[in-house]
1. List the number of the failed condition for A44; all other conditions in (1) at pLDDT 90 or above; (2) part of a loop (DSSP other than H, G, I, E, B) hold.
2. Between A123, A81, A91, A95, which is closer than 20 Å to D8 by Cα, modelled with pLDDT under 85 and not hydroxyl-bearing (S, T, Y)?
3. Give me the pairs: first residue in the stretch 12-36 and without any contact (Cβ under 8 Å) to a residue 12 or more places away in the chain, second residue in a loop (DSSP other than H, G, I, E, B), beta-carbon distance under 9 Å, and six or more apart or on different chains, which are they?
4. From the list G24, G12, G31, which one is under 24 Å from A123 (Cβ atoms) and not hydrophobic (A, V, I, L, M, F, W, C)?
5. For the stretch 9-41, give me each residue that is acidic (D, E), out of contact with any strand residue (DSSP E or B) (no Cβ under 7 Å at 6 or more places or on another chain) and outside any helix (DSSP H, G or I).
6. Which of the residues belonging to the stretch 48-72 are closer than 25 Å to S105 by Cβ and either buried (at least 17 other Cβ atoms within 10 Å of the Cβ) or over 14 Å from the mean Cα position of the chain (by Cα) (or both)?
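The values are calculated or read from the model by the stated rules, or taken from the named source; none is laboratory data. Treat the numbers as computed from the prediction; the structure is a model and nothing was measured. Cβ placement follows ideal geometry from the backbone for every residue including glycine, while neighbour counts extend to all protein chains displayed.
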Amino acid sequence: MRILVIDDELAGRKAICAIVRRAGHACKDVGDALAGIACVEQGAFDLVLFDLDTPGVRDLEALKAIARIKRRVAVVAMCRASDGINFQLLALRLAGIAVLQKPFSCTALIEMLRQQARIQESARGS
């Protein structure tokens, strides 16, 4: 898969890309939501890993912008577990957006990549 990581924490996004590449996928990373939206508009990505705390556009506005792009791209929202975020997580899941809570392990990230690959393979086979 071709994966875009949108996260304002340089070390975090570089670490995620390293894991993604070791799992056999291509990876590009950007540090803000506006750059991420532009990349999705211009590039051919299969999956976007989007940190909800990334500056540039409010998190839900960025997710809506990505969803409006003609080419369908799967999105996984990365966020920290905190009080009051449960309703936001539920809304994301109801909208079909997977959620990966930070901090997460390499194993959890790789398993999520496998799940997304299976979903995309299944969708292509339909």
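1. The number of the failed condition is (1).
2. Just one listed residue meets the conditions, A81.
3. G24/M1
4. Values: G12 fails: under 24 Å from A123 (Cβ atoms); G31 fails: under 24 Å from A123 (Cβ atoms).
Only one candidate qualifies: G24.
5. Step one: list which residues in the stretch 9-41 are acidic (D, E), which gives 9, 29, 32, 41.
Filter once more, keeping what is out of contact with any strand residue (DSSP E or B) (no Cβ under 7 Å at 6 or more places or on another chain): 9, 32, 41.
Scanning the stretch 9-41 gives E9, D32.
6. Restricting attention to the stretch 48-72, the residues satisfying the condition of being closer than 25 Å to S105 by Cβ are 48-54, 59, 63.
Selection gives V48, L49, F50, D51, L52, T54, D59, L63.
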